[in-house]
1. Ranking request for peptides 189-200, 168-179, 125-136, 27-38: highest mean number of other beta-carbon atoms within 10 Å first, then the rest in descending order.
2. How much accessible area per residue does the stretch 87-233 have, counting only protein heavy atoms and a probe of 1.4 Å, in square angstrom?
3. Could you order peptides 112-122, 213-223 by the average number of other Cβ atoms within 10 Å of their residues, highest first?
4. Show me 159-165, 226-232 ranked by packing, highest mean number of other Cβ atoms within 10 Å first.
Amino acid sequence: VDAQEDPRLAEALALAERDAELGAWLRHQRLGFHAARAAFRQVPVPPDLADRILAARNTLRPEFRPRPNSARVFALAAGLLAMGLAAVWLAFLRPAPTPTGDLATFRSRMVRAVLREYRMDIVTNDLAAVRGFLGAHEAPADFQLPPRLAALPITGGGLLSWQGRQVSMVCLDGGQRGTFFLFVTPSNTLRPYPAEAPTLAQVSRLGTVAWSGAGRTFVLAAELDPAVLREFL
């Protein structure tokens, strides 16, 4: 069927040209369709097949008259089938779009994760060992700590997840200030891309300060006022 004569088919084909995944799917379906048609054409038809079918149904044999537009009807049916399959694929099979992952959402999820279940995957006072553990699990490990933060004793680390990626958690001993939690994720996992300037926020009972640099975004959290945490940067 001519796409110019059917606006719905033209719209479906235009969508396939714009969407790489849909275009690849449609090409795959066409190849399968042509392969199936070629295979059916190679199947030999018994010369008495029509007589046997009609005799089994006990009906009169109609006079066969070829339809001049049979090819067009077949093409139209194939086009409608492709459109229907494309609609089903778009509605049900295509993965749901990834939700926008902004800094506020990331910060909230990390803080609430440790408030809900504080657990370290590695307990050690050796930062190099923590980096080795994080790197072995494909989490960010090549980050630099601000001098005042780096002066705090390390107690361990762990793994969290965000947007299908591993997030590094480093735990530090703040003495009378309690435990400091540092979360590190690649900045490109956040939309919009976060600014480098520190931002302060209170999340539940933890104060937080977030900043970015060298392709990494950091969130520092503790049971302190966010302004106090900012002094460790």
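The values are calculated or read from the model by the stated rules, or taken from the named source; none is laboratory data. Just so you know, these numbers come straight off a predicted model, no measurement behind them. A quick note on method: Cβ atoms are made from the backbone with ideal geometry, for glycine too, and the neighbour counts reach across all protein chains shown. In case anyone asks, the SASA skips ligands and DNA or RNA and just uses the protein heavy atoms, side chains included. Shrake-Rupley method; radii C 1.70, N 1.55, O 1.52, S 1.80 Å.
1. Details: 189-200: 13.9, 168-179: 17.8, 125-136: 15.5, 27-38: 11.0.
The packing order, highest mean first, is 168-179, 125-136, 189-200, 27-38.
2. That works out to 52 Å² per residue.
3. Details: 112-122: 13.8, 213-223: 19.5.
The packing order, highest mean first, is 213-223, 112-122.
4. Numbers: 159-165: 14.6, 226-232: 16.4.
Highest mean packing first, the order is 226-232, 159-165.
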